[in-house]
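Structure record follows, encoded as structure tokens.
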Amino acid sequence: MTTHHAARRRAAAAALCAAAVLTPCISAQAAQASSEAAAAARPGEHAQPWRDPSRSPAWRADALLNAMTMDEKVTLVLATNDEDFDPLAHLGIPRMRRVDASGGLRGDTGVTAFPAPNALGATFDTALAERYGQAVGAEARAKGWNVVLGPTVDVDRNGLSGRAAEGYGEDPLVNGEMGAAMARGLEENDVIAMLKHFTVYNQESGPRETLAVDVSERALREVHYPAFEKAIREGGADSVMCAYPKVNGEHVCQNEELLTDLKQDLGLEGYVATDFNPRTDPVAGINAGVDSQSLFPGMPREAFFDGRIPEERTNDAARRILVALFNSGAFDNPLPTTIPDVVTTAEHQRLARETGAAASVLLKNSGALPLSKHDSVAVIGPAGEDAITGIEGSSYVDPGDFTTLAEAVRSKAGAERTTVSQGSLGDVALPTVPASAFTAPSGQEGLQAEFFANPDFQGAPVATTTTPNVDFSGAAPVEGLPAQWSARFTGTITPTATGLARISSLLSGSAKVTIGGETVFDGSRFIWDFFFAPQEYTLGGTVPLTEGESVPITVEYSTREAGFFGPRLTLGWQPESLIPAAVEAAKGAETAVVVVNEFTGEAVDRLGLRLPGDQDAFIEAVAAVNPRTIVVLNTPGPVLMPWLDDVEGVVQSWYQGAAVGTATADVLYGDADPGGRLPVTFPAAEGQGPTHDTGASVEYDEGIHVGYKWYDQQDEEPLFPFGHGLSYTTFEHRQLRTGKLDTRKGEGETTSVRVQVRNTGQRAGSDVVQVYVGHLPTDAVETPEKALAGFAKVALRPGEKREVRIELDRRALSYWDEDADRWVTPTGEVPVYVGRSAADVDLVGSITVK
């Protein structure tokens, strides 16, 4: 680790030119670098002055750029694989080796699977986030990576995005503070932090590569840009990945206006890289401001030499990559030549466990928590090795061997007091329904299948067959169908058990399943799997059936919305419910801990807020026989809770990585305080919050009112508000004191809010002090009723009190004026609210803006 990393970063901030096209700047600095290089090349002195770490990153980048041929600059811009960097080795330029690492190293083994990023966001603890980043960065370097694709600071717009768990929640400030802390920690290990994904990348459906987003300039500036700016300016992130969607008519990766904003206004001195296969014109992308084609080769090299890409743009792109290499320390610190199998450490595993407890949000507690280690307990649900540990896709981390929740509870309560029952399989693919369960209209075993030469079941079928089951993948089940087709399967299904049967599918396309006249599910999936996690994306539902009683079944499938893996539909089932056995286990225990889950990730959005499968029914059945039922939500975000009034406690645990068992058990038994607060609002019903549009285009008509701001504007009450979270102790806020802000002192001016926090309970615990500002004193635009302006996490012993000071910068008291194209800070009195959530305010004051 370089000891003067921070000094280099400060020097870079002072030395880099602010112009969008850096040719004049490069010329002047390159001339200086050239003369100094000539002097340095005298006998007895180093012939490559850019290797001198005492120089600023900007100076070194210019010196090296001046020494490079045009061909070498182009090589640097286009380099993707290890061997692509070999022609640059004589200059000291290292191989730039990239790894996805929002929550640990994707694709490696022997690493730490940390709790998911939105779990980290729930900690509201920037010091913890920096330690988390340090650990991930250390493991990345040890495994031979020096470019970390993370952190992700996309704002969670509506809770249904498949990748929502990769960011830090719905609030720009939380995303920015946590992202900045994570980036600082990463870059302390001499790796480049690459922020994802600039910008307004808030859903997977559309699909994402062709999704068109219409968003106002003000919403960009106030909601979607700030986290990137903070992570760049305060976190020192040296790179940014541009996102897939079109924004206001142009793909981000070739949107010159957005990329210019990123570099000029948000402060990026390093480079912009594309995401994998951005589906854009690579030449247009480079000319718009993309600096590295590193994640997806395909750029025509000749475009740099035939006039399509100006030389000054090539110079700027190469220079930005060099700045990132020097500023991060990646240039000066070669990667290890020997890669160990295991880089996780006991300290990192403890950090994951600490993070998991600090992220766990106690949503409800009627007195049953914390649990007593002397009471009997039934652990019911997917609480074993079937636990979901991480989000599918680019952020999935192999957890290796981990302690399950069932094991962790057993170690605390004792084997004699612990009962384990499955109860529900959770959100998993079910075995394919066998032919013996079906009868076609002809009386044959199986189903009648009719195929149509269009995706809408129109006209006469082009083929009619009898199929033993519904199970096809990658190609049409019959020959002669066009690229877009549909199929209808009909017959009867005869269950082998009485009770609530589960039906599920692995689906690429659209499907509707009707059994006994009841629609079991009706929806679409782009793909059924991505690349990395062991689970698959399922879609399904439940239906009550009677053993031996045949009922009609219709399955309608269309290739409409099928993804790049091609069409698929596998119809699975679980005819015999596991709930009755779980109910018996719950009856015999003093407390029932019910674990439920939902699997989500890249390329597939959530279709709604209900728990998948039989899990709502599972909770209700257990709660009906055990009044001390605790629900643990192993989910990526908010879910509806129709059973909330029937249970004693609810813990939102998110995806906990390798800490999925240990951290949750620590919280349940009070060995750790549930330190999390919601970084997202939990809706009370489907449809609350900004609309989730699955079409090809989306209008962000909520403007700046994202998350809790939307609920305030619409005067709607959520199930649980942003910032909510209970503790095993109680806290008191007193003595609010606010400062003033003088706009004449410039953009960097800050003011402070001070409040005394006292632990009034009998246990140690942590409180998150949340400072919101109210409507700004202006009639020119609408401003939020409340907007988070600052927060601080404080841990206190029983009876301990402490004054907490929270700095608010001028931006928190400003709005973006679209007409003037600048930030405006209205003068007057601004309301200030201090509380424990966006809806729980206990101190009110004001800040005077002069």
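The values are calculated or read from the model by the stated rules, or taken from the named source; none is laboratory data. Remember, it's a predicted structure, so these values are computed and weren't measured experimentally. Positions of Cβ are generated from backbone atoms using ideal geometry, with glycine treated the same way; all protein chains shown enter the neighbour counts. Accessible surface is based on the protein model in full, side chains and every heavy atom, while ligands, DNA and RNA are left aside. Shrake-Rupley method; radii C 1.70, N 1.55, O 1.52, S 1.80 Å.
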Legend entry - Proximal lysines relative to K246, as straight alpha-carbon distance under 23 Å, when same-chain residues fewer than 8 apart are discounted: K196, K263
Inset, instruction - Enumerate the lysines that K587 could reach by cross-link, defined here as Cα to Cα under 26 Å, with residues fewer than 8 away along the same chain left out. - result: K364, K373, K412
Legend entry - Zone residues, segment 211-234, relative to D693, backbone N less than 16 Å from point 7 Å out along Cα-to-Cβ: 211-217, 219-220
Inset, instruction - With θ set to phi - 60°, apply the Karplus curve 6.51 cos²θ - 1.76 cosθ + 1.60 along segment 418-423 and write out the HN-Hα couplings as whole Hz, x wherever there is a Gly or Pro. - result: 10, 10, 10, 9, 5, x
Legend entry - Full-stretch length increase - V844, E347 - with 0.36 nm per residue and alpha-carbon distance subtracted: 174.7 nm
Inset, instruction - Could you tell me the largest-minus-smallest coordinate of the C-alpha atoms of the chain on each of the three principal axes, in descending order and whole angstroms? - result: 92, 73, 59
Legend entry - Cβ-derived FRET efficiency at R0 51 Å, D401 paired with D86, nearest 0.05: 0.85
Inset, instruction - Compute the length gained on full extension between A497 and E749: take 0.36 nm times their separation in residues and subtract their Cα-Cα distance, giving the result in nm to one decimal. - result: 83.8 nm
Legend entry - Fraction in percent of alpha-carbon pairs per bin - 10 Å, segment 135-247: 16, 46, 30, 8, 0
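Students often check this: by mean Cβ neighbours within 10 Å, which of 244-251, 431-438, 553-560 ranks highest, and how do the rest follow? Don't skip to the answer; put the middle values down first.
Numbers: 244-251: 19.9, 431-438: 17.2, 553-560: 21.4.
Ranking the peptides 244-251, 431-438, 553-560 by packing returns 553-560, 244-251, 431-438.
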Inset, instruction - Could you order peptides 91-99, 463-471, 194-202, 451-459 by the average number of other Cβ atoms within 10 Å of their residues, highest first? - result: 194-202, 91-99, 463-471, 451-459
Legend entry - Semi-axis lengths (Å, descending) of the ellipsoid that matches the C-alpha gyration tensor of segment 471-522: 26, 12, 11
Inset, instruction - Note the angle between two axes, namely the Cα long axis of helix 346-359 and the longest principal axis of the Cα atoms of the chain, as a number of degrees from 0 to 90, rounded to the nearest 10. - result: 70 degrees
Inset, instruction - Find the centroid of the Cα atoms in segment 833-850 and in segment 680-752, then give the distance between the two in whole Å. - result: 13 Å
Legend entry - Projected label distance in nm at T546 and A475, using a 7 Å step from Cα toward the beta-carbon: 4.4 nm
Legend entry - DSSP bridge pairs, the chain: antiparallel proportion in percent, nearest 5: 70 percent
Inset, instruction - Round to the nearest 10 and give me the degree value, 0 to 90, for the angle of helix 615-625's Cα axis relative to the longest principal axis of the chain. - result: 60 degrees
Inset, instruction - Can you pull the one-decimal nm distance between simple spin-label points at K512 and E732, each 7 Å off the Cα toward Cβ? - result: 6.1 nm
Legend entry - the chain - accessible surface per residue (Å², probe 1.4 Å): 35 Å²
Inset, instruction - Enumerate the calculated ³J(HN,Hα) couplings along segment 132-141 in order (Karplus 6.51 cos²θ - 1.76 cosθ + 1.60, θ = phi - 60°), each rounded to whole Hz, writing x wherever the residue is Gly or Pro. - result: 4, x, 4, 5, 5, x, 5, 5, 4, 4
Inset, instruction - For K512, go through the aspartates and glutamates and keep the ones whose alpha-carbon is under 13 Å away, minus same-chain ones fewer than eight residues off. - result: D456, D522, E556
Legend entry - Between 0 and 90°, nearest 10: helix 23-40 axis offset from the chain longest Cα axis: 60 degrees
Legend entry - Using θ = phi - 60° and Karplus 6.51 cos²θ - 1.76 cosθ + 1.60, couplings along segment 309-323 (whole Hz; Gly, Pro as x): 10, x, 4, 5, 5, 4, 4, 4, 4, 5, 4, 5, 5, 5, 4
Legend entry - Full-extension gain in nm, E620 to A47, via 0.36 nm per residue minus C-alpha separation: 198.8 nm
Inset, instruction - Run through the DSSP bridge list for segment 717-850 and note the antiparallel percent, rounded to the nearest 5. - result: 95 percent
Inset, instruction - Answer rounded, prolate or oblate for segment 271-340, using the Cα gyration tensor with square roots of eigenvalues a ≥ b ≥ c: rounded when a/c is under 1.5, else prolate when a/b is larger than b/c, else oblate. - result: prolate
Inset, instruction - Loop only per DSSP, at most 13 neighbouring Cβ atoms within 10 Å: give me the chymotrypsin sites (Phe, Trp or Tyr not before Pro) in segment 204-290, ordered by residue number. - result: F276
Legend entry - Cα shape, segment 541-667, gyration tensor, a/c 1.5 rule: oblate
Inset, instruction - Heavy atoms only, probe 1.4 Å: what % of the accessible area of segment 637-717 goes to carbon and sulfur, would you let me know? - result: 37 percent
Inset, instruction - Excluding F489 itself, calculate the net charge of residues whose Cβ lies under 12 Å from the Cβ of F489, where each Lys or Arg counts +1 and each Asp or Glu counts -1. - result: -1
Legend entry - Whole-angstrom gap from segment 319-378 to segment 68-133, using each part's C-alpha centre: 17 Å
Inset, instruction - Give the shape of segment 456-614 as rounded, prolate or oblate, defined through the alpha-carbon gyration tensor: a ≥ b ≥ c are the square roots of its eigenvalues, a/c under 1.5 means rounded, and otherwise the shape is prolate if a/b is larger than b/c and oblate if not. - result: oblate
Legend entry - Residue-count net charge about G661 - beta-carbon cut-off 15 Å; Lys, Arg +1, Asp, Glu -1: -3
